[in-house]
């Protein structure tokens, strides 16, 4: 895989991510991608969801299309 690929933004500010990168990451047309900004870099990663109660993104359980974290599950059980 190439180290660097240069792309131009279109009139709407979009770029096309190269297929070889999308395939390597398992990203398809229905993938949710998180975009964050650090300094002069944009960081993209697969978005797994967040707890609908506390917004935590770790230790998630997916139930009926919603995400809930283990901490909130434990608190609800108490």
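Every number here is computed from the coordinates shown, using simple stated rules; none is lab data. Computed from a predicted structure; not experimentally measured. Here Cβ is always computed from backbone atoms with ideal geometry, including for glycine, and neighbour counts include all displayed protein chains.
A few remarks follow.
- Residue order, fewest to most beta carbons within 10 Å, for 68, 63: 63, 68
- Most mobile of 49, 13, 26 in a GNM of the chain (Cα contacts under 10 Å): 13
- Hull shadow area, averaged, the chain [alpha-carbon convex hull, nm²]: 7.6
- Gaussian network model of the chain, Cα within-10 Å springs - most flexible of 45, 62, 37: 37
- Simple label model, 7 Å out from Cα along Cβ direction - residue 19 to residue 75, nm: 4.6
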